[in-house]
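Everything on this sheet refers to the single structure shown next.
The values are calculated or read from the model by the stated rules, or taken from the named source; none is laboratory data. Being a predicted model, the structure only gives us computed values, none of them experimental. Here the Cβ positions follow ideal geometry from the backbone for every residue, glycine too, while neighbour counts run over all protein chains shown. The area values use the complete protein model at the heavy-atom level, side chains included, leaving out ligands, DNA and RNA. Shrake-Rupley method; radii C 1.70, N 1.55, O 1.52, S 1.80 Å.
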Protein chains: 2
Amino acid sequence: MKIVIIGAGFGGLNAAKSLTHFKQTSVTIIDRHNYHLFQPLLYQVATAGLNPADIASPIRSQFRKDKHIEVRLEEVIDIDRHQKVVRTLENSFSYDLLIVAAGAKNFYFGHHDWAAKAPGLKGLEDATEIRRRLFVAYENAEKAKTNAEKTMHLTFVLIGAGPTGVELAGSFAEIAHQVLRTDFRHINPDESKIILIEAGPRILPSFKPQLSQKAQKDLESMGVTVLTNTKVIQINDNQVILQDSSIEASTIAWSAGVTPSPLAKILKTELDNKGRVLINSDLSLKDDQSVLVLGDMAAFKDGETILPGVASVAIQQGRYIKKLIKADLEKKKRPSFKYFDKGQMATIGRKKAVVQVGNIAFSGTIAWFAWLFVHLYYLIGMRNRAMVFAQWAWSYLTFRRGARLITPPRSSEDN
Amino acid sequence: MKIVIIGAGFGGLNAAKSLTHFKQTSVTIIDRHNYHLFQPLLYQVATAGLNPADIASPIRSQFRKDKHIEVRLEEVIDIDRHQKVVRTLENSFSYDLLIVAAGAKNFYFGHHDWAAKAPGLKGLEDATEIRRRLFVAYENAEKAKTNAEKTMHLTFVLIGAGPTGVELAGSFAEIAHQVLRTDFRHINPDESKIILIEAGPRILPSFKPQLSQKAQKDLESMGVTVLTNTKVIQINDNQVILQDSSIEASTIAWSAGVTPSPLAKILKTELDNKGRVLINSDLSLKDDQSVLVLGDMAAFKDGETILPGVASVAIQQGRYIKKLIKADLEKKKRPSFKYFDKGQMATIGRKKAVVQVGNIAFSGTIAWFAWLFVHLYYLIGMRNRAMVFAQWAWSYLTFRRGARLITPPRSSEDN
């Protein structure tokens, strides 16, 4: 059986790992990058806490011992379900079973021009771009010739207050008030304004209201201005326009929305109103048993709700592939995918986090350590775990960040 | 006394550190990057052994406690010795004493177009570009459609066999024969051809002949083809043309020559035949006591020879600034700079290195550990030391490399 997997994010990678046991299959993993990226820690690369390589691991290294699995660094441009062929720029791959797990990209509600002004945080290039803007802003503030210019460079706007926005805001605050405190001569980084903007009534909307409240209090105690019920009307260079005011800021980051990979449309099947692929209980297309979609691209109905685009859904769907293939190979009926909700968590800063598991909700130091532990545990590879642990320990003890590099701007939009 | 330092490499950084004691001075360090780069380990970034941030440290962090020292992220475009002013794109800085330590850049003997085809190894962007080409070559070999194409992607040419070329060649060999051994399905990385080309009669020409011989034997035992007395006539895309043959290779790296920063010419003073600034025994210009030049830009006559462009010369010249300023402040005669030759070393691979100190020469395991120790010792900052040590230990134990990221190509030439 020829199996092609598109994408090596949480869904694709775990699907491929599920297939390591089935040596009678022949598996091809196709990805645009040579690494699997641990997205939950991407904000730490954007804020100089970790190196890009600490949260990325080469895909082919994961499967070095699995001779029936091959990895291709290629970009998929077409999927022909009729002929059962995936086409890349250079090659085509035929399949008996296709697993599409190409994830999501930043979504600006149709304002494509906002992407360059307010980068999102989906890939490593996004992260190093935000890091560059963050630290260049301080350098420019240091040499600013007017107060207005200085204020603009010392204002940081984060749009969207899900976990990523909250985590960025907390890190930006720590950088301003701790890391850089004594580094400059003409500015006081303590005067930085960090503004977190959320269109909805509260931050962390997927959490219980009490945790949203706690997180907002934590952020405010760290000097972050939280604006809820606030809609962004327009983003210009160095300017965010709100309903009845505007903010001049040279660093703007976006985490207010994502949209499925364009491959969803290429599948020519039924999509939901957010552009996600509607799938059966075995993750297959409504009209095609030989194509499975999982992770952020998929709209899986769990009772009345659709499963959210989070890592644990993608991971569990990837792991479910083991059961599915077993059934397929034994020519039995495929079992249904069942999601087990392990809860969710977000970190705000040193000893500040919120955790929610079922009906249990907690925050503070214990939540923070739980967050650290879970993220270390899920990180791929012992090397990355050891390196991340070492850098966290160092940052914890010194209040500093190890990767304060300003690298050149990205050459092209990769969204 | 207003002191301006251009460049925060080994020379400039150590000059600035010399000035931390003189609180009556006012010091401005100007650099194009926000970090000091530990160039001797740059080849390890190019070969995925270390992260960029491991060998770079933010300049302003070094001087956070020295209120009389400020750091500017700016690019110098002019030096007006008459008015005693340094001009950057955005500002101008007047000085009483100017220290120019802008280093060297890759030199292609007038063939500017070779730069894009065979990147050199002077900055972090060079290193990540070489890393990108190295790993993309294997990915392209894996999907090559003809044998000729495959062979081209699996051929790696390193031009110039000083320490950088030798260290790159050794690392390329380890990657081919150890790190990637089982990662591919359609190619055998073991078949890679790594070719080190040297125009002179032996590799490591600055070392004793017996060490050159030993290093060449070591490289050959690792599968590297060493071509001495071999001149490169032309470099095309994926092709190196020699006197009576040519090599098709998709990865070509250059370490055959450097030339002083263009600021040497801007000083409008006497240069030697290699474009370096001729200086007095106190590092000052022949015709200007208020301008000092040090490091790779300077031609310092030590007896009959000119000191080479190596880290230890720049470091010692930077440290000498302490004595010089003390004399200046006390209105005494400046002492002369004296170079103490601590010897030189190069590493070839695991437990393979050559060391030469005065008349003593040794190689092998002890030399390799000496190399590791000296490089850790000179690295700036405890964090970087700990991270580099941890990654070396990990690589030593696992025969793997932690930073195998393919990142986007650099946006522009930064040489």
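Which members of the range B:138-165 meet the condition of being assigned to a loop (DSSP other than H, G, I, E, B) and out of contact with any strand residue (DSSP E or B) (no Cβ under 9 Å at 6 or more places or on another chain)? Matches in the range B:138-165: B:ALA144, B:LYS145, B:THR146.
The set of residues in the range A:250-269 that are open to solvent by 30 Å² or more (accessible area, probe 1.4 Å), out of contact with any Phe, Trp or Tyr (no Cβ under 6 Å at 6 or more places or on another chain) and not small (Gly, Ala, Ser) comprises A:PRO262, A:LYS265, A:ILE266, A:LYS268. Residues of the range B:116-145 that are more than 12 Å from every other protein chain (Cβ to nearest Cβ) and of a type outside the set (Gly, Ala, Ser): B:LYS117, B:PRO119, B:LEU121, B:LYS122, B:ILE130, B:ARG133.
For the range A:83-112, a tally of residues being closer than 16 Å to A:LYS268 by Cα, in a strand (DSSP E or B) and of a type outside the set (D, E, K, R) returns 5.
Considering only the range B:111-133, I want to know if a residue exists there that is open to solvent by 40 Å² or more (accessible area, probe 1.4 Å), in contact with a strand residue (DSSP E or B) (Cβ under 6 Å, 6 or more places away or on another chain) and either under 30 Å from B:LEU211 (Cα atoms) or of a type in the set (Asp, Glu) (or both). No, the range B:111-133 has no match at all. Applying the criterion of at least 1 residues that are modelled with pLDDT under 95 and of a type outside the set (Phe, Trp, Tyr) to the strands (runs of 3 or more DSSP E) found wholly in the range A:1-73 leaves A:56-58.
Exactly one residue out of B:ALA104, B:ALA161, B:ALA148 is open to solvent by 10 Å² or more (accessible area, probe 1.4 Å), more than 16 Å from B:ILE235 (Cβ to Cβ), more than 14 Å from chain A (Cβ to nearest Cβ) and in contact with an Asp or Glu (Cβ under 6 Å, 6 or more places away or on another chain), and it is B:ALA104.
Within the range A:29-58, being within 11 Å of chain B (Cβ to nearest Cβ) and touching a Lys or Arg at 6+ places or on another chain (Cβ under 6 Å) holds for A:ILE30, A:ALA48, A:GLY49, A:PRO58. Just one of the numbered conditions (1) at pLDDT 95 or above; (2) open to solvent by 40 Å² or more (accessible area, probe 1.4 Å) is not true of A:GLY358: (1).
To keep it simple, each residue is scored yes or no on (1) more than 14 Å from chain B (Cβ to nearest Cβ); (2) within 30 Å of A:ASP282 (Cα to Cα); (3) in contact with a helix residue (DSSP H, G or I) (Cβ under 6 Å, 6 or more places away or on another chain).
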residue	(1), (2), (3)
A:GLN344	yes, yes, no
A:VAL354	yes, no, yes
A:ALA361	yes, no, yes
A:LEU372	yes, no, no
A:TYR377	yes, yes, no
A:GLY381	no, yes, no
A:GLN391	no, no, no
A:LEU397	no, no, no
A:ALA403	no, no, yes
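For the range B:270-302, a residue qualifies if it is free of Cβ contacts under 8 Å to residues at least 40 places away in the same chain, open to solvent by less than 60 Å² (accessible area, probe 1.4 Å) and outside any strand (DSSP E or B), and the qualifying residues are B:ASP272, B:GLY275, B:ARG276, B:ASN280, B:PHE300. Among the candidates A:ALA353, A:ALA327, the residue that is surrounded by fewer than 17 Cβ atoms within 10 Å (Cβ to Cβ), outside any loop (DSSP other than H, G, I, E, B) and either free of Cβ contacts under 8 Å to residues at least 60 places away in the same chain or among the hydroxyl-bearing types (Ser, Thr, Tyr) (or both) is uniquely A:ALA327. Annotation note: of B:MET382, B:MET387, B:MET345, the sole residue that is open to solvent by 60 Å² or more (accessible area, probe 1.4 Å), out of contact with any His (no Cβ under 8 Å at 6 or more places or on another chain) and of a type in the set (A, V, I, L, M) is B:MET382.
Set side by side, the residues B:SER57, B:SER26 differ, and just one is in contact (Cβ under 8 Å) with a residue 24 or more places away in the chain, in contact with a His (Cβ under 6 Å, 6 or more places away or on another chain) and more than 24 Å from B:LYS122 (Cα to Cα), which is B:SER26. When you go through A:ASP282, A:ASP244, A:ASP218 one by one, which is the residue that is of a type in the set (Asp, Glu) and under 24 Å from the mean Cα position of the chain (by Cα)? When all the criteria are applied, what remains is A:ASP218.
Table: residues versus (1) over 30 Å from B:THR251 (Cβ atoms); (2) open to solvent by less than 10 Å² (accessible area, probe 1.4 Å); (3) among the acidic types (Asp, Glu).
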| residue | (1), (2), (3) |
| --- | --- |
| B:THR20 | yes, no, no |
| B:ILE30 | yes, yes, no |
| B:HIS33 | no, no, no |
| B:LEU37 | no, no, no |
| B:SER61 | yes, no, no |
| B:VAL76 | yes, no, no |
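Residue by residue through the range A:194-241, note down the ones that are buried (at least 19 other Cβ atoms within 10 Å of the Cβ) and basic (Lys, Arg). Hit for the range A:194-241 is A:LYS214, nothing else.
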